[in-house]
1. Which one is surrounded by the most Cβ atoms within 10 Å (Cβ to Cβ) among residues in the stretch 1-59 that are under 16 Å from residue 97 (Cα atoms) and among the aromatic types (Phe, Trp, Tyr)?
2. Tally up the residues in the stretch 68-83 that are loosely packed, with under 13 Cβ neighbours inside 10 Å and not in a loop (DSSP other than H, G, I, E, B), please.
3. So which residues in the stretch 24-42 are more than 23 Å from residue 52 (Cβ to Cβ) and free of Cβ contacts under 8 Å to residues at least 40 places away in the same chain, if there are any at all?
4. Output the residues belonging to the stretch 32-50 that are assigned to a loop (DSSP other than H, G, I, E, B) and within 18 Å of residue 92 (Cα to Cα).
5. What is the residue count in the stretch 84-101 for residues that are of a type outside the set (Phe, Trp, Tyr), out of contact with any Phe, Trp or Tyr (no Cβ under 9 Å at 6 or more places or on another chain) and not in a loop (DSSP other than H, G, I, E, B)?
Amino acid sequence: MDECIFCRIVKKEVLAQIIFEDDLVLAFVPLQQVAKGHTLVIPKQHFENIFDVDDIVLRELISVSKKLSNKLFYDNTATGVNILNASGKDAQQSVNHLHFHIVPRHPNDGLDMWIKQSL
C-alpha cells in the first residue's frame, strides 16, 4: 500500500498534524478542514473500508472516536458532533483507507452534512 496517502502518514513519510496515536489507531487534522477541530481517525493497518476491517481494530477506532469527540466537543465549545464514514465508491469514499471524520458542530455553522429528502 505504498501509494495510500494514509499509510504514508502512518509511516511518517508524509507530514501530518497528529493528535492521537496508539498501537492500532492514528488521528490527525485533515489538510482541508470543514470546521475547526475536524479530525480524521484511521486504523494504522491498511483496511480499505468498514467491510474488511478487523473487529478488534474497529472497536478501537470507535473507542478513540468517542474519546476524541468528547475532547473536540469541549475544546471547541461545540454543541454537537458528526462522526462520518463513507465505505465504497458509491458512498463517495474519497480515500481507500478506512477513516472516520469527526466534525465539531456549532449553531448556524453553515454546514449541512445530511441530504434533505422528502419521506
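Readers should treat all values here as calculations from the given coordinates under stated rules, not as data from a laboratory. Quantities reported herein were computed from a predicted structural model and do not represent experimental measurements. Heads up, the Cβs are rebuilt from the backbone with ideal geometry, glycines too, and the neighbour counts pull from every protein chain shown.
1. 6
2. Counting residues in the stretch 68-83 that are loosely packed, with under 13 Cβ neighbours inside 10 Å and not in a loop (DSSP other than H, G, I, E, B) gives 4.
3. Within the stretch 24-42, 29, 31, 32, 33 meet the criteria.
4. 32, 33, 34, 47, 48, 49, 50 - these are the residues of the stretch 32-50 that are assigned to a loop (DSSP other than H, G, I, E, B) and within 18 Å of residue 92 (Cα to Cα).
5. 4
Rundown of residues vs (1) farther than 22 Å from residue 8 by Cβ; (2) of a type in the set (Gly, Ala, Ser), yes/no style:
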{"site": "37", "(1), (2)": "yes, yes"}
{"site": "40", "(1), (2)": "no, no"}
{"site": "43", "(1), (2)": "no, no"}
{"site": "62", "(1), (2)": "yes, no"}
{"site": "72", "(1), (2)": "yes, no"}
{"site": "95", "(1), (2)": "no, no"}
{"site": "102", "(1), (2)": "no, no"}
